[in-house]
Amino acid sequence: MSGVTNTKRPHETAIGLSKADLSTPSLLLDLDVFDANLQKMAAHVKSAGIKLRPHAKSHKCVEIAQRQIGAGALGVCATTIREAEALAAAGIPAILITSPMVGANKVRRLIELTRDHPDAISVVDNHAHVEQLSAAAAAAAVTLNVLVDLDLGLHRTGIASVKEALSLADLIVRLPNLNLRGVSAYSSMSAHIVGYGERRVHSLNAMQPAIELMQRLKRRGVSAEILSGGSTGTYNIDTELDGMTELQAGSYIFMDVDYRVIGGKSGPIFDDFGPSLTVMATVVSKSHSGFATVDAGFKAFATDRPFGPDLRGVTGCTYHFAGDEHGILELADPGLDLGFGDRLEFIVPHCDPTVNLFDRIYCTRGHTVEAVWPICRGYD
Ligand SMILES: Cc1ncc(COP(=O)(O)O)c(C=O)c1O
């Protein structure tokens with residue numbers, strides 16, 4: 001045997017290829033749509049006079065965070081310490097971790113993160129946690145920035161009432177090595193309410209306790225300058241609130257089926273932001289008329305929603321999950337001509353957990369792969 005063995009992995013030689021040359025399933029980002037989404041949100045927050053700290057849980061990608069900062073975001077949100085570390089190491093400023101960092105491992109890493117990046121912030125909703133953070137920070141001679149996390153009805157994380165939040169704030173102010181910066185209040189229950197009018201009423205009501213908490217903190221002389229919250233679904237609603245200082249929207253850069261069906265101000269499809277993220281699959285079997293099997297199943301699309309992906313730009317067919325590696329397209333329209341070997345692009349059911357299934361995003365302009373961006377997925 002002679003010749004040179006090519007040791008490069010496929011993604012290392014993908015730039016400049018046509019997307020038709022990529023393996024499937026692959027996660028694709030349409031850069032023209034992505035750029036338009038970035039600019040639209042940037043223009044919206046600018047005209048509303050509010051800051052943007054977009055949620056990086058949607059993308060887990062340094063390159064995307066860099067572009068969000070480039071478009072004017074003051075920092076990004078993160079959910080895991082691993083995301084926060086990866087983003088901070090790449091120079092992303094002002095990272096707000098919106099999940100409480102509980103346990104010795106996370107507390108130690110939060111302290112190290114803050115030592116190197118003093119603008120990092122995390123959330124708290126519990127007296128014992130606050131005492132632990134203060135003691136660990138004092139021992140390390142670091143000051144941790146915290147926001148009081150207020151529950152707006154989901155009962156997931158967040159302190160239950162304004163009264164309890166005030167008592168927690170008093171404790172934070174008393175304890176050493178903690179710096180109370182304000183309030184985090186994310187109304188998950190408002191984000192996907194179908195119908196702009198209904199969503200608006202729900203979100204404006206849901207956010208009232210957060211507004212009240214900020215006002216009462218200020219009346220006590222506490223320097224609470226941040227009220228952070230909001231989502232893609234309420235991006236043009238929460239900016240109406242007097243007292244909201246920044247938006248945490250995340251999915252707007254990608255969009256997904258879950259968001260498209262909630263409806264926008266002007267119609268039944270929420271299309272303020274375009275679907276930039278797709279999973280590309282191949283038709284690998286066509287043994288039965290009226291059906292086509294693609295090579296993307298449970299391991300290519302998040303399955304936490306009661307619906308599957310939508311074929312981009314094509315109507316008249318429905319995707320059904322058919323196992324780990326496959327999906328079956330039911331072709332209701334007999335005129336729909338999907339051939340063996342065809343490449344198809346699907347808008348994903350839910351972008352955040354779908355991104356977490358892939359190691360990288362292939363960024364395309366037209367048919368050409370322009371960049372390959374790693375995803376900092378999983379836990380560590
Ligand atoms: C705390 C928090 N803030 C903001 C967001 C962003 O929401 P979206 O991706 O719907 O814009 C999320 C999403 O789950 C979240 O958990």
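General observations
- Filtering the stretch 187-201 to residues that are open to solvent by 20 Å² or more (accessible area, probe 1.4 Å), in a helix (DSSP H, G or I) and touching a Lys or Arg at 6+ places or on another chain (Cβ under 8 Å) leaves Ser188, Tyr196.
- Residues of the stretch 240-271 classified as open to solvent by 30 Å² or more (accessible area, probe 1.4 Å) and either within 12 Å of the ligand (Cβ to nearest atom) or at negative phi (or both), total: 10
- Within the stretch 153-186, the set of residues being at negative phi, open to solvent by 10 Å² or more (accessible area, probe 1.4 Å) and within 12 Å of the ligand (Cβ to nearest atom) comprises Leu154, Arg156, Thr157, Tyr186.
- The criterion of at least 3 residues that are of a type outside the set (Gly, Ala, Ser), without any contact (Cβ under 8 Å) to a residue 60 or more places away in the chain and closer than 15 Å to Leu29 by Cα is met by none of the strands (runs of 3 or more DSSP E) wholly inside the stretch 308-380.
- Lys286 meets each of the listed conditions (1) at pLDDT 95 or above; (2) over 21 Å from Pro353 (Cα atoms); (3) touching a Phe, Trp or Tyr at 6+ places or on another chain (Cβ under 7 Å) apart from (1).
- Scan of the stretch 321-367 for residues that are surrounded by 13 or more Cβ atoms within 10 Å (Cβ to Cβ), over 29 Å from Tyr379 (Cα atoms), modelled with pLDDT of 95 or more and not charged (D, E, K, R), ordered by number: Ile328, Leu329, Leu344
- Residue list for the stretch 203-233, restricted to those being within 14 Å of the ligand (Cβ to nearest atom) and in a helix (DSSP H, G or I): Ser203, Ala206, Ala210
- Filter result (open to solvent by 30 Å² or more (accessible area, probe 1.4 Å) and over 20 Å from Tyr252 (Cβ atoms)) within the stretch 49-92: Arg82, Glu85, Ala86, Ala89, Ala90, Gly91
- Out of Ala36, Ala14, sole residue that is under 22 Å from Gly366 (Cα atoms), touching a residue at least 40 places away in the same chain (Cβ under 8 Å) and either of a type in the set (D, E, K, R) or open to solvent by less than 10 Å² (accessible area, probe 1.4 Å) (or both): Ala14
The values are calculated or read from the model by the stated rules, or taken from the named source; none is laboratory data. Please read these numbers as outputs of a predicted model, since none were measured by experiment. With ideal geometry, Cβ positions are generated from the backbone for all residues, glycine too; neighbour counts draw on all protein chains shown. Quick note on the areas: whole protein, heavy atoms, side chains included, nothing else; ligands and nucleic acids left out. Shrake-Rupley method; radii C 1.70, N 1.55, O 1.52, S 1.80 Å.
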